[in-house]
Amino acid sequence: MFFSATARDYATVEKGVLTLLIPEVAGALFPLRADTREQPLFIGLNDASELLCRIVLPEGFTRLPVAPAPMRWALPNGLGTLDYAVQTGTREDGRLEVTITRTIRRCSGGVEPHLYPALLECNRRMTHPSVRTMVAE
């Protein structure tokens, strides 16, 4: 998936602090519809996806007091992997660049009811604001 956006659609600057809500990088990993489960669940997902998000900050913003943290997970019960890489660098023009690469590999499988909370936790972590919020000064 490729797209570009201008900062005014996703960011605000107030008193020299830029707050950016990064589009598309956060989202639920599993299609769950309830908070609890009494019966086993079969998840029929065999897919892989990679999303690359490159953010070039405006001139003058050189510090990131808040940025998404990288993470690498083996999903519960062999249902796949998640790799969420975050890299920061300085471009030749001196502007700060942040690159986020989210790679998800999901596999089909069964989940017993006692493992259902682990799936909910995966979804909670990947939809948490910390996964898509960046603050620059």
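We did not get these values from a lab; they are worked out from the coordinates using the rules stated. If you're wondering where the values come from, they're calculated on a predicted model, not measured in any experiment. Quick reminder, even Gly has a Cβ in these numbers, built from the backbone with ideal geometry, and neighbours come from all protein chains shown.
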Sparsely packed GluC sites (Glu not before Pro) within the stretch 55-114, loop by DSSP, other Cβ within 10 Å at most 15
E59, E92
Helix 116-127 sits off the longest principal axis of the Cα atoms of the chain, rounded to the nearest 10 on a 0 to 90 degree scale, by 10
Virtual spin-label span in nm between A48 and T133, 7 Å along Cα→Cβ
3.4
I need Y10, Y84 ordered by Cβ neighbour count within 10 Å, fewest first.
Y10, Y84
Size of electric dipole in the chain: Cβ of Lys, Arg +1 and of Asp, Glu -1, about Cα centre, debye, nearest 20:
100
Which of (i) 1.22; (ii) 1.43; (iii) 1.09 is the computed Cα Rg over 2.2 N^0.38 Å for the structure on display?
(i)
How high is the relative contact order of the chain, in percent, counting Cα pairs under 8 Å that sit 6 or more residues apart?
38
Here, V17 and T90, labelled 7 Å along Cα→Cβ, have an inter-label distance in nm of 2.4
